[in-house]
Amino acid sequence: MRALDRKLVRDLWSIKGQVLAIGLVIAGGVATFIMSVSVLDSLRVTQSVFYRDYRFADVFASLKRAPESLKAQIQAIPGVQHVETRVFAPVLLEVPGYPDPVSGQICSLPDHGEPLLNRVYLRQGRLTEPYRDDEVLVSEAFAEAHRLKPGDELGATIRGKKKRLRIVGVALSPEFIYQLQPGAVIPDFESYGILWMGRAALAAAFEMEGAFNTVALSLTADAREGEVIDRLEDILKRYGSLGAHGRKDQISHRYLSEEMRQLQKMATMFPIIFVGVASFLLNVVIGRLMATEREQVAILKAFGYGNGDIVAHYLKFVLLIVLIGVAGGIAAGVWLGQGLGRIYMDFYRFPFLLYQLRPAAVVTSVLVTVAAAFLATLYSILRAASLPPAQAMQPAAPARYRASLLEALGFGRRLAPPTKMILRSISRRPVKAFLTMIGVAFACAILIVGRFFSDATDYIVDIQFKLAKRDDLNVTFIEPTSERVLYSLRSLEGVRHVEPYRWVPVRLRHEHRSYRTAIRGVPEESTLYRLLDQDLRPVAIPEHGFLLTDYLAHLLGVRPGDTLTIEVLEGRRRTLEAPIVGLVSEWVGVTGYARLDSLNRLLGDGRTVSGAYLEIDPRLGRAIYAKLNQMPRVAGVSVREKGLRNFYETLAKQMLTFAFFNTLLACSIAFGVVYNSARIAFSERNRDLATLRVLGFTRAEIAYILLGEMALLVVAGIPAGFFIGHWLCAQMITGLQTDLFRVPLVIEPSSYSFAALVVLVSGVLSGLVIKRKLDRLDLVAVLKTKE
Amino acid sequence: MPSAPRPLSEPEKIFEARDVVKIYDMGEVQVHALRGIHLELYPGELVVLLGPSGSGKSTLLNILGGLDRPTSGQVLYRGQDLARASDRELTAYRRHHVGFVFQFYNLIPSLTARENVAAVTEIARNPMKPEDALALVGLADRLDHFPSQLSGGQQQRVAIARAIAKNPAVLLCDEPTGALDSATGIVVLEAIERVNQELGTTTALITHNADIAAMADRVIHLSDGRISFVERNAHKKRARQLHW
Ligand SMILES: Nc1ncnc2c1ncn2[C@@H]1O[C@H](COP(=O)(O)OP(=O)(O)O)[C@@H](O)[C@H]1O
Ligand SMILES: [Mg+2]
């Protein structure tokens, strides 16, 4: 059927604008799908390869201090394969030429041989030599942030003792793919680093000789993780256990899993919208095509082409449009996928990314789009093909118009004839008009979704880091320390206000539910760390009882007034019963709160603190950091403002890429919908419009008749898009609400107006393209051709 | 299905229509387009169906060509009843036995003259080369022109070339000159005449123009869905000699 194939190609070419517009929408859907699925697969495969080759442990526990001899007991737990005891030590660092405080964690490496579990991947340099107490490896992210390389030196304070450390290598680890300073939300590679040091040297510096404070286990295939964890906690109880957990509660692993869930959502939701819109467009365009090709179909049938041949011919036509879109989409998806993969690599520090494009993903995207396109067009193709040729030869009956609803309601007389034509045209095909409007609405909605994540992030930052936390510096101590330490903080020059806090690891129980978290003791008059309720009003902490993060209350199924069982996982390990007296609205993490003095009393610990928030004179910042660095009890210092800045810098890069891509996608939809609808209206009505021109209507007047309808639908689509956008955002965040963070459903007015603006601009652009066609309307030729 | 032509020695009728009735059901009204047609067509003859507009000529031709089915009656093509043939059989019938020419040419606008013909020869069993068919209608020099680049008469001749390129047994022409001026119309009729004489294709030609009837072997007069009378032209004229 070579001649028919030529017809197909030429017909495609003659509506290339529409083919392109539809192709772009399809490409958008396929690209999003391929991008998110390929990155998802890449992350999964890379993760599992990295985990396997670098022996990521199955169970983790931390504790205060236990003798190395305990290792045999742990090894004896049924189901345990390997045991790796380690020393983790907080460290204050001085990076040459970098004035702000830097803290980190040093992890021990065995002096002999490679670790059995959680091995390090050496990117540069070499491993530390046994017993050398001045050699360290630094994590790659930290090294990159400060441009450190093997041979460079760092100043360090471990347990108040100064040391000089020489970097011998740059490394990565499956344990720290996502590197988060305790209490932080987003990685800050400048002010927090992971380091590795020989076990003996680190133990000596941290006063942990012959002992360990962290242990990691791998399990045999038939082991039951839950039982092993229980046995392990049992053993560690007497040694100040801070709790044991499986991979799913390991911070780095959890963040990675959450990220993948988010990607999974994106991999389904966006493509569905795009394929839906593309199907609608194909339905309209092919419907119109079949109407104009009636006679050609009839003639082909008269010459002996069967119904099957005709259907196949037009399905091929649809297939070609789809494949153009799919091919573009796959290419764009791979390109974007690799780009997104690189962005992920900034946050998730894998040593390598094994980019995966599974054939199944490609096949799925092709099959789904082709199936949707066929479904959308089959009806009009079948109908045209099955029309008896003798009947198809006759011109179609003239379109039936009737008075529009507005006219029926009696507004008719007030409307000018062109406006009546617009309204009648809409009411003649209400479904098509509605779908056009919905298409525009989805373009608008996608833009809103695109802006939503940065709105939500802004909101979290505003609430959590500006309204709630208002400190300049957060100083943490190595272990709970006597309140007296506060005097030395207060006496530092430039420190205006000091507010201590206590932090106790606990397990909260209510009926059959339990949750491991911490309780934070805060002073009665807390101004640097404020607890807010749902309406963002400060919540007072009563003398007795606890407050809970609202989400934690939800997890435990408790309400104010209920009583909680609190197992303290530190010190005397008491078990307490206490009432919940209120809820705190928070978006990041979950915690319990109590009055500092009451908490200390309940714990029987006297007046101890775990850290303090400082308000300082910013001009004296450097001097204060330097002094803090020399205090033996200080484990870490973090600067709120810097954390925020870094947060935004890393995020901005990601958001910008995302927003740009998103805007492009939405434009393709808006343009596709508006252009196609207007183009079809033009081809359906160019005779009428030419007649009007002959009768003396101006170009502007006929443009108004044709484009006025589009304008009306676009304008109606925008508020509908606001609703759909809001709804989509709500869909996006269900399932993303976790104890790590909740995403608030906050959409800024500026995002709504941005979405509206982009939709309007693409509407105007497609209107201009059609306007050019209208202006070139050849009056005589149009009237001569028979329809 | 009448796919295999019978031996020519048999004294056959190509078509035999018996009591063909066609009623269009328009909901409120029924249009009786054909009210009982009896008709025979013989191999190689050129028949003109003459009648005023609305007399049922196109309806009859469409039924003969397998584009439509009668409401009742029989339409035998070489002994096979088209009225009872399935869609598939009708498609094969049109594909292999019939060539159509319509008043408005109905060429495929996105295909050149040659390709318009090829679209048909590609699915035919024993076709001519498209170039030869076009040469037969005097368009050897317009092979690669698109319909929009051809005059009405040229387009109609492309349509004739397309209709005859498959070497059909019958050529059915529905007012082939209806949209043309008389000089151009005569050129088109000459092409049809040539096909009828050189290829021996049985030809039925519809017109409401009595002058054209002079080129027929037989003239079948239709009015109001019935055959009013049939006349045989003792001296048929050449197309070239016609004028109106
Ligand atoms: N598809 C159709 N539906 C309804 N009526 C039709 C249809 N085709 C033809 N007719 C009617 O049948 C009658 C015969 O039409 P037609 O065969 O086209 O006549 P002719 O070709 O002689 O002008 C006319 O009255 C016409 O209106
Ligand atoms: Mg007719």
Subject >> Nearest-0.05 FRET efficiency for residue A:458 and residue A:374, computed from C-beta distance (R0 45 Å) >> reply: 0.55
Subject >> Estimated [θ] at 222 nm from DSSP helical runs (n ≥ 4, -39500 (n - 2.57)) normalised by residues in chain A, nearest 500 >> reply: -17500 deg cm²/dmol
**OP:** Filter the chymotrypsin sites (Phe, Trp or Tyr not before Pro) in the stretch A:115-197 to those in DSSP coil with at most 16 other Cβ atoms within 10 Å of their Cβ, and list the result.
**Re:** A:131
Subject >> Entries in A:7/A:301; A:71/A:163; A:64/A:627; A:265/A:316; A:64/A:642; A:316/A:432 that, when Cα-Cα distance is taken, lie over 22 Å >> reply: A:71/A:163; A:64/A:627; A:265/A:316; A:64/A:642; A:316/A:432
Original post:
So what is the 222 nm mean residue ellipticity for chain B from helices alone, if each DSSP H run of at least 4 adds -39500 (n - 2.57) and you divide by all residues, rounding to the nearest 500 deg cm²/dmol?
Top reply: -8000 deg cm²/dmol
Original post:
If you line up the long axis of helix A:359-386 against the longest principal axis of chain A, both from Cα atoms, how many degrees apart are they, to the nearest 10?
Top reply: 20
Original post:
So how do A:98, A:515 line up by other beta-carbon neighbours within 10 Å, fewest first?
Top reply: A:98, A:515
Original post:
Taking Rh as the Kirkwood radius computed over C-alpha pairs, what is the Stokes-Einstein D of the stretch A:440-506 at 37 °C in a medium of viscosity 0.692 mPa s, expressed in µm² per second?
Top reply: 207
Subject >> Cα Rg over Rh - the protein assembly as shown, Kirkwood >> reply: 1.19
Subject >> Table column - 3J(HN,Hα) (Hz), the stretch B:12-23, Karplus curve with 6.51, -1.76, 1.60, x for Gly and Pro >> reply: 10, 9, 6, 10, 9, 9, 10, 6, 7, 10, 10, 10
**OP:** Post the alpha-carbon centroid distance, the stretch A:273-303 to the stretch A:579-626, in whole angstrom.
**Re:** 68
**OP:** Mind jotting down the distance between the C-alpha centroids of the stretch B:44-86 and the stretch A:425-482, whole Å?
**Re:** 70
**OP:** Going by C-beta contacts inside 10 Å, put B:244, A:587, A:503, A:727 in order with the fewest on the left.
**Re:** B:244, A:727, A:503, A:587
**OP:** Calculate how steeply helix A:749-775 sits against the longest principal axis of the alpha-carbon atoms of chain A, using the helix alpha-carbon long axis, and give the answer as 0 to 90 degrees to the nearest 10.
**Re:** 30
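Provide the net charge surrounding residue A:389, with neighbours chosen by a C-beta distance below 9 Å and charges set as Lys +1, Arg +1, Asp -1, Glu -1. Intermediate results must be reported in sequence, preceding the final value.
Working: positive: A:301, B:94; negative: B:68.
Once all neighbours under 9 Å are counted, the net charge is +1.
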Subject >> Amide H contacts under 5 Å for residue A:741, placed H, 5+ residues apart >> reply: A:589
Original post:
Please report, for the Cα atoms of the stretch A:468-646, the Rg to one decimal and the Dmax as a whole number; what are they, in angstrom?
Top reply: 16.6, 52
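Would you please put A:57-67, B:110-120 in order of how densely packed they are, using the mean number of other Cβ atoms within 10 angstrom per residue and starting with the highest? Kindly include the intermediate steps, with their values, before the conclusion.
Numbers: A:57-67: 20.2, B:110-120: 25.1.
Answer by packing, highest mean first, reads B:110-120, A:57-67.
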**OP:** Go through the stretch A:159-172 residue by residue and turn each phi into a ³J(HN,Hα) via Karplus (6.51, -1.76, 1.60, θ = phi - 60°); whole Hz please, and just put x for glycine and proline.
**Re:** 6, x, 9, 7, 8, 9, 10, 10, 7, 10, x, 10, 9, 9
Subject >> Other protein chain Cβ atoms within 10 Å, averaged over every residue that makes up B:107-120 >> reply: 5
**OP:** May I ask what percent, to the nearest 5, of DSSP beta bridges between residues of the stretch A:468-646 are antiparallel?
**Re:** 85
Subject >> Leading residue at positive end of dipole, the stretch A:57-254 (Cβ point charges), from A:95, A:251, A:226 >> reply: A:95
**OP:** Return the long-range amide H neighbours of residue A:469 (sequence gap of 5 or more, or a different chain), with a cut-off of under 5 Å between placed amide H atoms.
**Re:** A:530
Subject >> Along principal axes, Cα extents of the stretch A:173-289, largest first, whole Å >> reply: 82, 41, 23
Original post:
Suppose every K and R has +1 on its Cβ and every D and E has -1 on its Cβ; what is the size of the dipole of chain A about the Cα centre, in Debye to the nearest 20?
Top reply: 2940
Original post:
Once amide H atoms are built 1.01 Å from N in the peptide plane, which residues 5 or more positions from residue B:69, or in another chain, come under 5 Å H to H?
Top reply: none
Original post:
How many partner chain Cβ atoms sit within 10 Å of a residue's Cβ in peptide A:304-313, on average, as a whole number?
Top reply: 4
Subject >> Ratio Rg/Rh [Cα only; Rh per Kirkwood] for the stretch A:138-207 >> reply: 0.96
Original post:
If you add up the charges near residue A:284, with Lys and Arg at +1 and Asp and Glu at -1, over every other residue whose beta carbon is less than 12 angstrom from its beta carbon, what do you get?
Top reply: +3
Subject >> Candidate aspartates and glutamates - alpha carbon under 19 Å from residue B:13, same-chain residues fewer than 8 apart omitted >> reply: B:40, B:45, B:81, B:217, B:231
Original post:
Average partner chain C-beta neighbours within 10 Å, per residue of A:292-303?
Top reply: 6
**OP:** Quick one: what are the phi-derived ³J(HN,Hα) couplings along the stretch A:495-510, Karplus 6.51/-1.76/1.60 with θ = phi - 60°, whole Hz, x for glycine and proline?
**Re:** 7, 8, 8, 10, 10, x, 9, 10, 9, 10, x, 9, 10, 9, 10, 8
**OP:** In Å and from the alpha-carbon atoms only, list the Rg and Dmax of the stretch A:57-254.
**Re:** 16.5, 52
**OP:** Set the Förster radius R0 to 30 Å, insert the Cβ-Cβ distance between residue A:509 and residue A:532 as r into 1/(1 + (r/R0)^6), and round the FRET efficiency to 0.05.
**Re:** 0.70
**OP:** May I have the convex hull volume per residue, in Å³, for the Cα set of the stretch B:89-210?
**Re:** 97
**OP:** Based on the mean of other Cβ atoms within 10 Å per residue, sort peptides A:671-680, B:121-130 so the most packed one is first.
**Re:** A:671-680, B:121-130
Subject >> Spatial extent of the stretch B:15-241: Rg and Dmax, with the Cα atoms as the point set, Å >> reply: 17.0, 52
Original post:
When only C-alpha pairs under 8 Å and at least 6 residues apart count, what is the relative contact order of chain B, in percent?
Top reply: 25
Original post:
Taking the mean number of other Cβ atoms within 10 Å as a proxy for protection, how do you rank A:247-254, A:734-741, B:219-226 from highest to lowest?
Top reply: B:219-226, A:247-254, A:734-741
Subject >> Positive-end residue of A:604, A:85, A:676, charge dipole of chain A with Cβ unit charges >> reply: A:676
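Once you have the alpha carbon radius of gyration of the stretch A:236-343, what is it after dividing by 2.2 N^0.38 Å, with N set to its residue count? Let's see the in-between values first.
On the way: Rg = 26.1 Å, N = 108, 2.2 N^0.38 = 13.0 Å.
Normalised by 2.2 N^0.38 Å, the Cα Rg of the stretch A:236-343 equals 2.01.
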**OP:** May I ask which residue of B:102, B:80, B:176 lies farthest towards the positive end of the charge dipole of the stretch B:75-201, with charges of +1 (Lys, Arg) and -1 (Asp, Glu) on Cβ and the Cα centre as origin?
**Re:** B:80
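Quick one: divide the alpha-carbon radius of gyration of the stretch B:1-120 by 2.2 N^0.38 Å and tell me what you get.
Normalised by 2.2 N^0.38 Å, the Cα Rg of the stretch B:1-120 equals 1.17.
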Subject >> Net charge, residue A:170 excluded, C-beta distance under 9 Å - Lys, Arg +1, Asp, Glu -1 >> reply: 0
Original post:
log₁₀ I(q)/I(0) of the stretch A:1-109 at q = 0.10, 0.23, 0.24 Å⁻¹, via Debye over equal Cα point scatterers, no solvent, to two decimals?
Top reply: -0.67, -1.22, -1.26
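Each value in this text was obtained by applying a stated rule to the coordinates, not by laboratory testing. This is a predicted model, so every value here is computed, not measured. Every residue, glycine as well, gets a Cβ built from its backbone with ideal geometry; the counts of neighbours run over all protein chains shown.
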